[in-house]
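Accompanying notes for the structure given below.
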Amino acid sequence: MLKTMIPKTIFRANLFRKITTAVGLLVFSSSLTSAQTRLSTHWEELTADDFRSAIQQSQGTCLLPFGILEKHGPHLPLGTDLLDVRYAALHAAEQEYAVVFPEYYFGQIFEARHEPGTVAYSRQLQFQLLQETTDEMARNGCKKVLIVNGHGGNESLLPYFAQSQLEKPHDYVVYILGLVETPAGGPQAKSIGPDWHAGEAETSTMLVAHPELVHQDRAKNESGADLGRQKLPANVYTGIWWYARFPNHYSGDGSLATREFGQFKMNAWIDGIVKATRAVKADQESLKLQNEFFEKATHPLDTRPQ
Ligand SMILES: [Zn+2]
């Protein structure tokens, strides 16, 4: 009995293997065709040859989503800004094709050095690494680099970086997209005071980008209240202002977050990146003006009013 059963089982197994192989080949070849026709938006996923086509398809427009590694209250992951900005930029690039640079989190975060998990590179390295990154992107055909900021602590660094591109000639343009404001008309925010870091807004967007990393039940384990410990006029700036107000590196209340609010905010962000990418692609003036400026800067005494 056993002897006669074995060949039949083997035959059935062989037949099954043949069918599954055939089906597998079909699925494989169809995914191969779609991989051939549809270029990835991720720089690191492209082959060298496809990269050439990707640069052409993106018209030399590349996104550099800029995050950070820092504490995000008691309930959100250290990489919140990086995860959020990549989610937004990659979804935007699906709508308006652009090549998206890999994970970048080498920004300004000195004010959170007292908290675990913060990675704060020196100011020289932040600047040099960003310059060499955009230089290398441009050398590879990204003549329009759109830095998409995902971290409030970079809001002084990035415009200064863009300003400093006039220091010496470049054959490419750096564009900065600051944090995108949420338009009116969506779900009403519940927060009354400041909601600037790991609070209702940021927790809500993480509920969309990576809900599995949100520990909302821990959101009240620490206070995100504004301690207002500095008594200075609003137009007097110090580097310790943030610590003076929010020493727990938490501003707002993450327990108020909802996925619905997060989706509205995230959609607005994605939309903002799509609009900026389209405007950057259409921009024919900036590089021309830069070149004119650099040429004039070599002989300022000859400059005449226009
Ligand atoms: Zn953040």
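The values are calculated or read from the model by the stated rules, or taken from the named source; none is laboratory data. Values in this document were obtained by computation on a predicted structure and should not be read as measured data. Because the Cβ atoms are built from the backbone with ideal geometry, glycine has one as well, and the counts that use them run over all protein chains shown. What goes into the accessible areas is simple: the full protein's heavy atoms, side chains included, and nothing from ligands, DNA or RNA. Shrake-Rupley method; radii C 1.70, N 1.55, O 1.52, S 1.80 Å.
In the complete set of protein chains, residue-level accessible area for Thr258 is approximately 50 Å², probe 1.4 angstrom.
Taking the Cα centre of the chain as origin, work out the dipole magnitude from +1 charges on Lys and Arg Cβ and -1 charges on Asp and Glu Cβ, in debye rounded to 20.
It works out to roughly 1100 debye.
So how tilted is helix 48-57 from the main axis of the chain? Cα-based, degrees 0 to 90, rounded to 10. Taking Cα atoms only, the helix is inclined about 60 degrees.
Think of the stretch 102-228 as a dipole: +1 on every Lys or Arg Cβ, -1 on every Asp or Glu Cβ, centred on the Cα centre; then among Gly186, Gly153, Val214, Gly153 lies furthest on the positive end. Under the combined filter of DSSP loop state and at most 10 neighbouring Cβ atoms within 10 Å, the stretch 158-200 retains these GluC sites (Glu not before Pro): Glu167, Glu181. Helical runs assigned H by DSSP (4 residues or longer) give the chain a calculated mean residue ellipticity at 222 nm of -14500 deg cm²/dmol, each run adding -39500 (n - 2.57) before division by the residue total. Counting other Cβ atoms within 10 Å, which GluC sites (Glu not before Pro) in the stretch 87-118 have at most 15 and lie in a DSSP loop? In loop regions of the stretch 87-118 (DSSP not H, G, I, E or B), the sparsely surrounded GluC sites (Glu not before Pro) are Glu103. Placing unit charges on the Cβ atoms of the charged side chains and taking the dipole of the chain about its Cα centre, the candidate lying farthest along the positive direction among Phe106, Leu78, Gly252 is Leu78. How charged is the neighbourhood of Leu69? Take every other residue with its Cβ under 14 Å from the Cβ of Leu69, and add Lys/Arg as +1 and Asp/Glu as -1. Summing Lys and Arg as +1 and Asp and Glu as -1 gives -3. Taking the alpha-carbon centroid of each part, what is the distance from the stretch 275-306 to the stretch 95-112 in angstrom? Each part reduced to its Cα centre gives a spacing of 26 Å.
Among the trypsin sites (Lys or Arg not before Pro) in the stretch 154-260, those located in a DSSP loop and surrounded by at most 16 other Cβ atoms within 10 Å of their own Cβ are Lys190, Lys220, Arg229, Lys231.
I'd like the carbon and sulfur percentage of the solvent accessible area for the chain, probe radius 1.4 Å, heavy atoms only, ligands and nucleic acids excluded. Spell out each step's value before the answer.
Numbers: 10310 of 17470 Å².
The value for the chain is 59 percent carbon and sulfur by accessible area.
Using C-alpha pairs below 8 Å separated by at least 6 residues, the relative contact order for the chain is 20 percent. With all pairs of separate Cα atoms included, the chain yields a Kirkwood hydrodynamic radius of 22.4 Å. The heavy atoms of Leu289 offer some 100 square angstrom of accessible surface to a 1.4 angstrom probe.
Rounded to the nearest 20, the Cβ-based charge dipole of the stretch 62-203 about its Cα centre (Lys and Arg +1, Asp and Glu -1) stands at 220 debye.
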